[in-house]
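Step one of this worksheet: look at the structure below.
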Amino acid sequence: MSVFFNKEENKIVLSTAKTEYIIEILRNRFLGHVYYGRKERGYEPVYEYKLSSFTPYYEDFYEFQPDVASTEYSFFGNGDFRCTSLKLRNGNGNSVTSFEYKCHRIFNGREPIDRMPFAEAGEGDETLEITLWDRVSECELKLYYTVFEDCDVISRHMKLTNSGKCPVYIEKCMSLQCDLRGDNWDMITLCGTYFRERMYSRAPMQPGNRSIFSRRGASSHHFNPFMGLCRHETEEESGECYGFNFVYSGNFLGEAELVAENGCRVQLGLGGENFGWKLSPGETFESPEAVMTYSDDGIGGMSRNFHKFTRDRILPEEIFENRPVVLNTWEAVGFNIDEKILLEFAGKASAYGMDMLVVDDGWFGAREHDRAGLGDWWENPAKFKDGLKAFAQRVKKTGMKFGIWIEPEMVNPDSELFRAHPEWTLRCPGRENMLSRSQLVLDMSNPCVVDYLKESFEKVFGDVPLDYIKWDMNRHLSQVGSDYLPADRQNETAHRYMLGTYDLYRWFKKRFPKVMIENCSGGGGRYDLGMMKYSHQIWTSDCTDPVWRTRIQYGSTLPYPVSTMSCHVSHPGNSVQELEYRYTVAVNGMLGYEMNILTMEENVLNKIPGQIERYRRYEKLIKNGEYFRLLNPCESNYCSYYFTDSERKVFLLTFVQLAADCEPSKIALKIRGASPLAVYTDKLSGKSYTGQELNEGITVETTASEERFCRMWELVKNE
Ligand code: DGJ
């Protein structure tokens, strides 16, 4: 039983394998937050009465002052001056709300969230639903907590129903609030830009509000929706660390607010700047889901909780036993799609052990360059003379699988679609639309647009033996207005855009159940749990430079399992050493290649089959193993990590040096959990180590030379 109501104490306890989350129903009115952390750590009271002129209270419950209490969810204008979970403009025109406890229920499993991605409940997972009521707006609020017991993860979302006679307007909506005690906090975020996604950043919290956000209509390259909050003394494998994340791919707001004596309030949700919603009488709104975890095994422990959760409760079932090693055409040929050359690519890639040809951008409509064709999802007979189906069949005859690129949510002004339906783009009356990569954004909030896309893909792919889709999105949303929505619902456009996009994803998966989806947004611009619900892997970044990739991948592993990282070896030149270096970096995730194999030297190409064979040997471990980070490439000149199985029989250890050192130095790479007396043999070098030696660390000597330097060890316990 993971949710338990203690009637005597009026407390609800949510338990996971190692953590506990406790809510107190205060005088049957308010929801106090008692505790979140390791099981049986001892609780602090939700509030301590302090005589102060500056903390409002209700006369009949003066001891409870919302501004200095720990609460589950906070309401605007109601005596709590910290950041707010819900702001709702009622029929009187003000936004003050006070939801009070009505009842709660506990049930097995979970209920789906309307039109949105959400984590699947496993056996034994339970949900708590708490119902609250605001008598002025006459709205009913339900707060949901689903407990994913074996993952040490709890999810949160809310549902609001207008039972009154006037419309209400949601002005800010957060899915999760967590009031953390004390002021000793560091915030970990993953921020960056195009080509530099998810750069690890850690900084002490200062009094004030620190936020991460996207106002771009996509979760974005700039801030990932993940936030970590850890103690100043927390390290990679020790100390307390909380992780928060959002199962959503559009605009979001994550806030951590430190206020003197009140601890740190964490919130995550849609926010209120690029989101608004009109709730007419009788209507219900559901927020996306946010998730949280806690570990006292440091940042690494937090990551491993999220990895397991994402693997077991979010990601779709595998389509193929092995993830196909792709050869993607983009970096080799760009828009120059020539079927004869592509068939040569396929034949050669197959001969060198690869599994799938992915035809990237440029295969459809008048798509000769990025200024035309988007939106016209029909095959171009000039490019495939016997049609796409025949081409795909020929690719398959080479022994390769067949994948193709799409970017459904976009349109070029120079396209048949735009000429026929300019009103299907996001736009605002009287304003000029702005271009980005020569394209406009389709109004995915309009069901006619989504239907058009479904019909187009049905027509173009209906009879093609497709194995894989790379689903791209190459600009952010500006002039966010919809011809489809009335004036008083324009603020809903960005969220409805996501609902339409998710609808298309769901349709695609149902219509093409055997097709694997790789998500992409100019690299990893929608690298989030929402997209992971539909895609097995995500193109991690358009940057394939191995040094920068090391940093990008490091950050990505904080919240996400490496099985989601699509990592290609690109342009090694004619250097075997460079190929090895790039390969070593790429097998931190799901391996692929992106290069012109027709022009590469044989001595380099000849190394590829061996690389793929090695990858296949440890692919399952990379996909499903436990991940430990040793050296942080955002804070040092090195990166190191290892994968291990639950029985600690295998350790796959990697060390990558980013640039030449001034002087060589020795670094011990310490493996945790090897049995001290056992012997482990490195399959790559043949050398043996005792478990004790591994625990004390394999010593690697760094280099002062400009030459690329990396090492891998495949350590297997001798039986
Ligand atoms: C951006 C992607 O990240 C690239 O890999 C490639 O697919 C291009 N779009 C094609 O336009």
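The values are calculated or read from the model by the stated rules, or taken from the named source; none is laboratory data. This is a predicted model, so every value here is computed, not measured. For neighbour counting, all protein chains shown are included, and Cβ atoms are generated from backbone atoms with ideal geometry for every residue, glycine included. Calculation scope for accessible area: heavy atoms of the full protein, side chains included, ligands and nucleic acids excluded. Shrake-Rupley method; radii C 1.70, N 1.55, O 1.52, S 1.80 Å.
Quick rundown of the values:
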{"item": "Stokes-Einstein translational diffusion, the chain - Kirkwood Rh over all Cα pairs, 1.002 mPa s, 20 °C, in µm²/s", "result": "79 µm²/s"}
{"item": "Cross-link pairs beyond the 19 Å C-alpha cut-off, checked among K401/K470; K510/K620; K348/K397; K308/K620", "result": "K510/K620"}
{"item": "20 Å reach of a label modelled at W133, 7 Å along Cα-to-Cβ, counting backbone N of segment 1-39", "result": "25-32"}
{"item": "Ellipsoid equivalent to segment 209-366 - semi-axes via the Cα gyration tensor, in Å", "result": "41, 24, 15"}
{"item": "Segment F81-A382, extension gain: residue separation times 0.36 nm, minus the distance between their alpha carbons", "result": "102.0 nm"}
{"item": "Relative contact order (%) - criterion: Cα under 8 Å, at least six apart; region: the chain", "result": "10 percent"}
{"item": "Size of charge dipole - the chain - debye, nearest 20, with Cβ of Lys, Arg +1 and Asp, Glu -1, no other charges", "result": "940 debye"}
{"item": "Which of P676, G32, I314, positive extreme of dipole for the chain (C-beta unit charges)", "result": "I314"}
{"item": "Length added when fully stretched, C662-R202, from 0.36 nm per residue minus Cα-Cα", "result": "163.0 nm"}
{"item": "Positive-pole candidate from L417, W471, F335, dipole of segment 333-476, charges at beta carbon", "result": "F335"}
{"item": "12 Å beta-carbon shell around R394, net charge (K/R +1, D/E -1)", "result": "+2"}
{"item": "Förster radius 22 Å - calculated FRET efficiency between T193 and E423 (Cβ-Cβ, nearest 0.05)", "result": "0.10"}
{"item": "Fully extended contour minus Cα-Cα distance, from S685 to E235, at 0.36 nm per residue", "result": "158.8 nm"}
{"item": "Sequence-distant lysines (8 or more away, or on other chains) whose Cα lies within less than 27 Å of K102", "result": "K7, K11, K87, K142, K159, K165, K172, K278"}
{"item": "Within the chain, helix-based [θ] at 222 nm, where runs of 4 or more DSSP H residues each add -39,500 (n - 2.57), nearest 500", "result": "-5500 deg cm²/dmol"}
{"item": "Centre separation in Å (Cα based) which lies between segment 1-55 and segment 291-310", "result": "22 Å"}
{"item": "Whole-Å distance, taken between Cα centres, linking segment 200-278 and segment 550-603", "result": "30 Å"}
{"item": "Area projected by the alpha carbon convex hull of segment 11-148, averaged over all directions, nm²", "result": "10.0 nm²"}
{"item": "Fraction of accessible area attributable to carbon and sulfur, the chain (%, probe 1.4 Å)", "result": "49 percent"}
{"item": "Kirkwood Rh, Cα atoms: Rg over Rh of segment 415-556", "result": "0.99"}
{"item": "Where segment 190-232 is the region considered: accessible area per residue in Å², 1.4 Å probe", "result": "38 Å²"}
{"item": "Positive-pole candidate from T690, N718, A659, dipole of segment 622-719, charges at beta carbon", "result": "N718"}
